[in-house]
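Here the structure comes first, spelled out in structure tokens, and everything after it is commentary.
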Amino acid sequence: AQFSEDGTKLAVATGEDVQLYALPEIRIIGRLRHALPVSAIVFSADSARAVTLSSRADGNAIDEHICFAQVWDCMQGRPLTEPVGLHRASVRGLPELRFTPDGQRLLAIYHAMHNRFYTLMSIHVYD
């Protein structure tokens, strides 16, 4: 589950679906349907959009991608983009997703573990 930064929304992933709730009344405002299980949800700073990260539970690649990001309109509960493959299967682990402060771009941040410490591996920017 993930709260929006302004505290007006809650997103709860249940398998291939994400349910969006308006707070504080806990009213369902939308259901975001995915083809793969959802592993992460991140809201934009204004809570108008969210990005979801979905991947196969077994970690195997689909069309050379191991995970997919999709941007959603949280007011309408509809996709703003098609699912976008973020990286090739040779890169291990799922990225951390963040909107830029202006909400116009999405960052996919990849970390790698080396001697029990995480190090920054790469950052990809998506318009």
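Keeping all protein chains in the complex and leaving out DNA, RNA and ligands, what accessible area do you get for Val84 with a 1.4 Å probe, in Å² to the nearest 10?
For Val84, solvent-accessible area is about 60 Å².
Students often check this: by mean Cβ neighbours within 10 Å, which of 30-39, 66-75 ranks highest, and how do the rest follow?
With the highest mean Cβ count within 10 Å placed first, the list reads 66-75, 30-39.
The values are calculated or read from the model by the stated rules, or taken from the named source; none is laboratory data. Everything numeric in this text was worked out from a predicted model, so none of it was measured. Here the Cβ is made from the backbone with ideal geometry for all residues, glycine too, and neighbour counts use every protein chain on show. Protein only, heavy atoms only, side chains kept; ligands, DNA and RNA dropped before computing areas. Shrake-Rupley method; radii C 1.70, N 1.55, O 1.52, S 1.80 Å.
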